[in-house]
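Presented below is the structure to which this report refers.
The values are calculated or read from the model by the stated rules, or taken from the named source; none is laboratory data. Quick caveat: nothing in here was measured; it's all calculated off a predicted structure. Cβ: placed from backbone, ideal geometry, glycine included. Neighbour counts: every protein chain shown. Keep in mind that these areas ignore ligands, DNA and RNA; they rest on the heavy atoms of the full protein, side chains included. Shrake-Rupley method; radii C 1.70, N 1.55, O 1.52, S 1.80 Å.
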Amino acid sequence: MINLIKHVDIVVSHEDCWTSHMPFTAYTINLEVYPHKNYLRSRILIDSMENKVISNLMKTHRSVIKVMKVDRFKGGTYVDFLNKYKGSIAGVLYDKEVLILGNLIEGKDEKWSFVTSSKNLREILTEIESLGKVKRVETTDFNPILYPNLTEWEKKVLTVSYSYGYLDYPRRATADELAELLGISKVTFLYHLRNAQRKLIAFFIKNILA
């Protein structure tokens, strides 16, 4: 049997997680995992400015260990928090050493995009099904040549820029504000953003316009 590399998109309703109670769309911009301490640190952007509602939800849910920071931002809210590793979808994916491409919480469902081998996919899905209801699974053959090779910081900066309207005209946020949100300098922010834009434009010209 040929062991193919698969790009997987999955939608999960995870009742024991804070995500099943989130009434707004949220984007994960960074995950740091500490399995030996049974927690992971998440930084998310939420498409709502209702800070009190968000703060109360995060601080009271049993899957959240500690809320580090809640900041109101133009068009939304930034939350930095610790949540339990064991029993989380992220924990399963990290334990299986998959390549996580993205995570979105929408309609109280978790939407994950990742890359893994076809050999390990059934085992991964079985473990996820033990945590929640899998609503949709889509798999395609993964071809890394089809995707621009963005660094983690380029992905973070690009996600924040798009989510908070830096790429809009007129802009809804400044480079200074987004750099402060990410904890980096304005120069570093613009460096990563321009690198990401250059890679994406080169990819578009080569693969779409050619």
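Remarks
- What separates the Cα centres of the range 1-42 and the range 51-81 is a distance of 17 Å.
- Given charges at Cβ of Lys, Arg, Asp, Glu: the range 22-159 dipole, positive-most of SER130, HIS61, TRP153: HIS61
- Set LYS96/LYS119; LYS6/LYS119; LYS52/LYS111; LYS155/LYS186; LYS96/LYS156; LYS37/LYS66 screened for pairs whose C-alpha atoms are more than 21 Å apart: LYS52/LYS111; LYS96/LYS156
- Solvent-accessible surface of the chain, taken per residue with a 1.4 Å probe and all protein chains present: 57 Å².
- Within the accessible surface of the chain, defined with a 1.4 Å probe on protein heavy atoms only, the carbon and sulfur portion equals 54 percent.
- Axial C-alpha extent at least 18 Å, average Kyte-Doolittle at least 0.0 - helices from the chain (DSSP): 186-204
- Accessible area of THR139 (1.4 Å probe, protein heavy atoms only, ligands and nucleic acids ignored): about 70 Å².
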